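Engineer: Questions regarding the structure given below will be posed in turn.
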Amino acid sequence: MVMGEKRIAVCHCGSVAIEINFEHGLENLRRCDCSLCARKGYVMASVPVEHLSIIKGEQVLSLYQWGSNIAEHYFCSKCGVYTHHKRRSNPREYGINIACIPGVRALEYSNITVGNGGLNVPLPPTR
């Protein structure tokens, strides 16, 4: 059994809730600079895939993929808030939008590492 800090993250409307086990609390916070994440600007924490469970709203989660179709970006189809994604650079991990965790004020975190998610990844087509 994995010990750690269990937290719940929810979308804006409350339709989606995920339970995350952070082994050592919120650590290794980062932003990604791929063309999608750079537009979102979220602060993320990563956990192994087995440390995340969808506990509410799996039926309203929408999936967005592009480029290599390895990364899986999940968001609430009702309110549009991105809750988590399976990482392209490490598909054995989920990136968690820490702003979805009640009591966490992502805007108060400074000196966030920017990961290099944009290496050799094509931009999505423009219209």
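Engineer: Taking interchain pairs and intrachain pairs at least six residues apart, which have beta carbon atoms under 6 angstrom, with the first residue in region 30-41 and among the charged types (D, E, K, R) and the second modelled with pLDDT of 80 or more and assigned to a loop (DSSP other than H, G, I, E, B)?
Structural biologist: What qualifies is Arg31/Ile112.
Engineer: Here's a follow-up. Is it the case, given these coordinates, that Tyr42 is within 14 Å of the chain's Cα centre (by Cα) and either modelled with pLDDT under 90 or surrounded by 20 or more Cβ atoms within 10 Å (Cβ to Cβ) (or both)?
Structural biologist: When the stated conditions are applied, Tyr42 passes them.
Engineer: Something else: Give me the residue from region 1-36 that is closer than 26 Å to Gly67 by Cα and out of contact with any strand residue (DSSP E or B) (no Cβ under 7 Å at 6 or more places or on another chain) and, out of that set, surrounded by the fewest Cβ atoms within 10 Å (Cβ to Cβ).
Structural biologist: Per the stated criteria, the residue is Ser35.
Engineer: If Tyr74 meets every condition in (1) modelled with pLDDT under 95; (2) of a type in the set (Ser, Thr, Tyr); (3) surrounded by 13 or more Cβ atoms within 10 Å (Cβ to Cβ) apart from one, which number is that one?
Structural biologist: The number of the failed condition is (1).
Engineer: All but one of (1) closer than 22 Å to Gly4 by Cα; (2) assigned to a helix (DSSP H, G or I) hold for Gly95, so report the exception by its number.
Structural biologist: It fails just one condition, (2).
Okay, residues lined up against (1) modelled with pLDDT under 90; (2) assigned to a loop (DSSP other than H, G, I, E, B):
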{"residue": "Gly67", "(1), (2)": "yes, yes"}
{"residue": "Thr83", "(1), (2)": "no, no"}
{"residue": "Ser89", "(1), (2)": "yes, yes"}
{"residue": "Val104", "(1), (2)": "no, yes"}
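Engineer: Please tell me if Ala71 is over 17 Å from Ala9 (Cα atoms) and either more than 15 Å from the chain's Cα centre (by Cα) or among the aliphatic types (A, V, I, L, M) (or both). Let's see the steps before the verdict.
Structural biologist: Numbers: over 17 Å from Ala9 (Cα atoms): yes; either more than 15 Å from the chain's Cα centre (by Cα) or among the aliphatic types (A, V, I, L, M) (or both): yes.
Criteria met by Ala71.
Engineer: Given the options Ser89, Ser53, Ser62, Ser68, name the one that is without any contact (Cβ under 8 Å) to a residue 24 or more places away in the chain, polar (S, T, N, Q) and out of contact with any Leu (no Cβ under 6 Å at 6 or more places or on another chain). I'd like the intermediate steps shown before the answer.
Structural biologist: Numbers: Ser89 fails: without any contact (Cβ under 8 Å) to a residue 24 or more places away in the chain; Ser53 fails: without any contact (Cβ under 8 Å) to a residue 24 or more places away in the chain; Ser68 fails: without any contact (Cβ under 8 Å) to a residue 24 or more places away in the chain.
Testing whether each residue is without any contact (Cβ under 8 Å) to a residue 24 or more places away in the chain, polar (S, T, N, Q) and out of contact with any Leu (no Cβ under 6 Å at 6 or more places or on another chain) leaves just Ser62.
Engineer: Right, next: Wholly within region 1-53, which strands (runs of 3 or more DSSP E) include no fewer than the required count, namely at least 3 residues that are under 14 Å from Gly115 (Cα atoms)? Working first, answer last.
Structural biologist: Working: elements: 5-10, 17-22, 30-32, 44-48.
Passing ranges, in order: 30-32, 44-48.
Engineer: Please go through region 54-65 and pick out each residue that is part of a strand (DSSP E or B) and polar (S, T, N, Q).
Structural biologist: Here is the first cut: in region 54-65, the residues part of a strand (DSSP E or B) are 54-56, 61-64.
Ser62, the sole residue that qualifies.
Engineer: Checking the condition in contact with a Ser or Thr (Cβ under 9 Å, 6 or more places away or on another chain) and of a type outside the set (Ser, Thr, Tyr), which residue from Val49, Val104, Val60 passes?
Structural biologist: Working: Val49 fails: in contact with a Ser or Thr (Cβ under 9 Å, 6 or more places away or on another chain); Val104 fails: in contact with a Ser or Thr (Cβ under 9 Å, 6 or more places away or on another chain).
Selected residue: Val60, the only one of Val49, Val104, Val60 that is in contact with a Ser or Thr (Cβ under 9 Å, 6 or more places away or on another chain) and of a type outside the set (Ser, Thr, Tyr).
The values are calculated or read from the model by the stated rules, or taken from the named source; none is laboratory data. Predicted, not measured: the structure shown is a model, and the values here were computed from it. Here the Cβ is made from the backbone with ideal geometry for all residues, glycine too, and neighbour counts use every protein chain on show.
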